[in-house]
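Quick notes on the structure that follows.
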Amino acid sequence: MLPFSQNSHYKLRFLVLVLWVSHLVDSKSGFELDESLTYLWPLPSEFTSGNQTLTVDPTLSFSALGKGGNSKILIEGFERYKKIIFKHVSGISLFDKSRGIRSVYDISELRFIVNSDSEELQLGVDESYTLFVAKKDGKSIVGEATIEANTVYGALRGLETFSQLCAFDYETKSVQIYKAPWYIKDKPRFAFRGLMLDTSRHYLPIDVIKQIIESMSYAKLNVLHWHIIDEESFPLEVPSYPKLWNAAYTKWERYTIEDASEIVSFAKMRGIHIMAEVDVPGHAESWGAGYPDLWPSSTCREPLDVSKSFTFDLISGILSEMRKIFPFELFHLGGDEVHTDCWTSTPHIKQWLNDQNMTAKDAYQYFVLKAQEIAISKNWTPVNWEETFNSFPSKLNPRTIVHNWLGPGVCPKAVAKGFRCIFSNQGAWYLDHLDVPWNEVYSAEPLEGINNVSEQNLVLGGEVCMWGETADTSDVQQTIWPRAAAAAERLWSKREAVSARNITLTILPRLHYFRCLLNRRGVQAAPVTNKYARQPPIGAGSCYEQ
């Protein structure tokens with residue numbers, strides 16, 4: 001008789017083997033796409049398609065009209081996507097253009113019409129586009145492939161959609177577009193479509209952050225909320241307060257101001273905003289490693305000392321330095337999970353509270369409002385976690401954007417009072433909650449409980465949050481994807497289009513397909529239907545059925 005633990009181990013191995021064998025048997029039938037579905041992610045606002053198959057020239061050329069056609073952002077974007085589209089082909093055309101031999105390809109040019117030459121990237125920038133793909137017949141003025149947009153950022157979104165239409169055919173070894181002609185008229189449902197990345201709990205190298213930004217562009221997400229610092233570490237360089245860096249985990253796990261600027265530039269080339277966060281007054285214990293005066297005392301280190309002007313001078317210094325790096329108009333000031341015991345138990349702060357005739361709750365409000373004033377003085381719009389709204393809504397600056405996280409029902413209350421809101425309900429959109437399956441991420445609705453149109457317009461959008469306690473370079477991408485894509489479609493596509501009755505039949509095959517597309521592009525997206533996010537597959541099988 002085997003010991004119980006060993007016997008259980010063998011039972012588990014046998015169960016896995018049975019599942020693997022049954023999956024292998026099923027997979028032999030081959031995977032077929034459901035032709036009634038549209039394998040574009042996120043689903044465009046409006047589109048029509050046909051039944052033609054078109055071939056795409058591996059020497060696909062770029063042409064541009066309009067004021068913004070020669071934008072470096074667009075030209076580099078085109079070159080980037082050419083490498084994705086023609087990954088499996090040589091880039092050598094099967095005909096000789098120099099000798100005037102007619103193309104054997106249906107699509108040999110991608111034409112852009114960009115109406116504005118502005119490259120300003122601010123909240124609500126126009127990301128709409130139209131995409132037309134048809135066989136050139138010599139009769140129509142519009143032929144081949146054309147993307148028209150008001151801005152280069154709309155053109156980039158159209159370029160992503162075009163790339164998803166292109167599929168490599170292994171038998172002919174050519175790139176093809178199925179179900180042509182395509183006419184797509186598309187725009188995002190929400191202006192703010194975000195992913196929060198925590199680099200304090202675990203440091204993420206610059207190249208990894210860039211890979212994540214690149215992968216965001218594939219799902220048309222447009223805001224990286226960079227939670228750079230927290231109580232565990234302070235990896236960002238602040239030249240005017242150089243000792244803050246003392247709280248980096250090691251001297252190698254740091255970001256220079258040049259690193260941060262490079263990330264902002266890299267993101268802008270993909271139409272992605274970087275919203276930085278300095279979480280005060282809680283979640284800031286690490287600051288005192290370099291400047292111990294910020295702690296209430298050496299044994300009681302959080303929240304930051306509310307009684308000292310030095311605290312606010314330092315916050316102002318940090319924000320001044322960061323304003324040089326982060327041009328996005330929104331800045332996140334945190335304000336969550338502020339436990340004031342250190343204030344009421346430290347003699348000099350307790351005396352200050354008495355002198356100011358304040359309670360600890362009053363001091364929390366005072367700190368948040370003072371931090372808001374500093375941010376606003378530097379021409380930022382403050383974003384705060386929902387606790388600030390829950391605690392003193394009538395005192396918040398009217399420009400405040402309330403960031404929901406604790407649960408549902410906050411955005412309806414915030415917009416009813418005239419505040420703008422960002423939806424991140426932790427029950428659905430916290431990616432570190434590994435037990436939340438894709439369908440619950442997909443079904444979460446930022447406008448739930450908000451029926452008034454003017455109030456709905458105050459919901460900027462939402463973001464999925466990748467808190468970093470259990471995610472580092474080894475597993476961050478498979479924790480983000482593919483569940484972040486479920487939220488991305490909710491934030492981009494029309495509400496009625498993503499609220500189909502049976503999402504297992506109408507959405508799941510498309511999400512499988514997009515997850516495999518991410519894999520093909522080098523993104524370590526986990527299988528879609530794991531019972532526990534980022535878990536590897538249990539046996540052999542197609543990417544499209546895991």
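The values are calculated or read from the model by the stated rules, or taken from the named source; none is laboratory data. Not measured: the values here are computed from a predicted model. Note that we place each Cβ from the backbone using ideal geometry, even for glycine, and neighbour counts take in every protein chain shown. The protein model used for the area step is the full one, side chains on, heavy atoms only, and it has no ligands, DNA or RNA in it. Shrake-Rupley method; radii C 1.70, N 1.55, O 1.52, S 1.80 Å.
Amide H neighbours of L330 under 5 Å, counting only residues 5+ apart in sequence or on other chains, H built in-plane at 1.01 Å?
Close amide H contacts, sequence-distant or interchain: T381.
In Å², and per residue, what accessible area does the range 471-511 have when probed at 1.4 Å with the other protein chains present?
35
Expressed as an acute angle from 0 to 90° and rounded to the nearest 10, what is the orientation of the C-alpha long axis of helix 72-85 relative to the principal long axis of the chain?
60
Leaving out ligands, DNA and RNA, what percent of the accessible area of the chain is carbon and sulfur, probe 1.4 Å?
52
Of the trypsin sites (Lys or Arg not before Pro) in the range 236-278, which ones lie in a loop per DSSP and count no more than 14 other C-beta atoms within 10 Å?
Here the trypsin sites (Lys or Arg not before Pro) that fit, given the DSSP loop and packing criteria, are K251.
Under a plain spin-label model, where a point goes 7 Å from the Cα along Cα-to-Cβ, how far apart in nm are V453 and S542?
The answer from the label model is 4.4 nm.
Give a quick list of trypsin sites (Lys or Arg not before Pro) in the range 451-546 that DSSP marks as loop, anything other than H, G, I, E or B, with at most 15 other Cβ atoms within 10 Å.
Filter output for the range 451-546: K494, R495, R501, R521, K531.
Restricting the count to DSSP beta bridges whose residues both fall in the chain, what percent are antiparallel, rounded to a multiple of 5?
Bridges in the chain that DSSP calls antiparallel: roughly 35 percent.
Heavy-atom accessible area of T359 with all protein chains present, probe 1.4 Å, nearest 10 Å²?
It works out to around 70 Å².
Treating only the Cβ of Lys, Arg, Asp and Glu as charged (+1, +1, -1, -1), what charge dipole size does the chain show about its Cα centre? Round to the nearest 20 debye.
1420
Percent relative contact order of the chain, based on C-alpha pairs within less than 8 angstrom and at least six residues apart?
Averaging sequence separation for qualifying contacts and normalising by length gives 15 percent for the chain.
Order of 219-229, 409-419, 390-400, 157-167 by packing, highest average Cβ count within 10 Å first?
219-229, 157-167, 409-419, 390-400
Please turn the phi angles of the range 449-466 into ³J(HN,Hα) values with the Karplus equation 6.51 cos²θ - 1.76 cosθ + 1.60 (θ = phi - 60°), one per residue in order, whole Hz, x for glycine and proline.
x, 10, 9, 6, 4, 5, 6, 4, 5, 7, 7, 5, x, x, 8, 8, 10, 9
State the cysteines of the chain left without a partner when partners are defined as other cysteines whose beta carbon lies under 4.7 Å away.
For the chain, the answer is C166, C465, because their Cβ atoms have no other cysteine Cβ under 4.7 Å.
So the label point goes 7 Å from the Cα of Q535 along Cα→C-beta, right? Which residues of the range 437-466 then have their backbone N under 19 Å from it?
Taking a point 7 Å out along Cα→Cβ of Q535, the residues of the range 437-466 whose backbone N falls under 19 Å are 437-442.
Compute the length gained on full extension between E120 and R501: take 0.36 nm times their separation in residues and subtract their Cα-Cα distance, giving the result in nm to one decimal.
Length gained, E120 through R501: 133.2 nm.
Could you tell me which of L65, S233, P393 has its Cα farthest along the dipole of the chain towards the positive end, charges placed at Cβ (Lys, Arg +1; Asp, Glu -1), taken about the Cα centre?
Projecting each Cα onto the dipole axis, the largest value belongs to L65.
How much accessible area per residue does the range 267-394 have, in Å², with a 1.4 Å probe?
Ligands and nucleic acids excluded, the result is 36 Å² per residue.
Apply the a/c threshold of 1.5 to the C-alpha gyration tensor of the range 411-546 and tell me whether it is rounded, prolate or oblate.
prolate
Give, in nm to one decimal, the length gained when the segment between L65 and N51 is fully stretched (0.36 nm per residue of separation minus the Cα-Cα distance).
2.1 nm
What is the extension gain from D472 to E329, computed as 0.36 nm multiplied by their sequence separation minus the C-alpha to C-alpha distance, in nm to one decimal?
That pair, D472 and E329, stretches by 48.6 nm at full extension.
I want to check the label-to-label distance for Q351 and T299. Put each point 7 Å from Cα in the C-beta direction and report it in nm to one decimal.
1.9
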